[in-house]
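Working notes, beginning with the structure itself.
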Amino acid sequence: MAAGHEFLSAALERIEDGFVALDGEGSCVHINASAARLLGLGRPQDLIGRRFWPQPPDSRTQELKRACEEAMRTQRPLAVESLDPPPARCIEGRLYPSPDGLTILVAEVSQRKGAQAALRASEQRFR
């Protein structure tokens, strides 16, 4: 079992997207370095076993916190995007609740959002 846990932890560290697992009380069970960096939360090892959300949540995490609370309340997966202040970064969170906690996948989608905006502007000019 320990070898499986170590293998999974190593795999989650290799991915570029962020991964967070919270227990039913909102404490961090696992967070990879990408999630900590994207959310500006500090060192992953300092977050394990602690309440995930700063008190009070800062502007960067407020939207995600609200969405997490809704996902847990409704027990339905959700997606949320938030835009950081300049330099603008768009962060997308995908939330997967269970009765035992919440899994959060986080990705920076700034390039995709920029391309979508450029396409809309191009379509407007064409019309």
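Bear in mind these aren't lab numbers, they're just calculated from the coordinates by the rules spelled out. On a predicted model such as this, the values are computed, not experimentally measured, just so you know. Counting neighbours? That spans all protein chains shown, and the Cβs are built from the backbone with ideal geometry, glycine included.
Count charges around Val29 for me, please; just the other residues with Cβ under 13 Å from its Cβ, Lys/Arg as +1, Asp/Glu as -1.
Details: positive: Arg50, Arg51; negative: Asp23, Glu25, Asp100.
The answer is -1.
What net charge do the residues around Leu95 carry, taking every other residue with its C-beta under 15 Å from that of Leu95, with Lys and Arg at +1 and Asp and Glu at -1?
On the way: positive: Lys65, Arg66, Arg73, Arg76, Arg94; negative: Asp17, Asp23, Glu63, Glu69, Glu70, Glu81, Glu92, Asp100.
Result for the neighbourhood of Leu95: -3.
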Region 1-50: equivalent-ellipsoid semi-axes (sqrt of 5 x gyration tensor eigenvalues, Cα, Å): 17, 15, 8
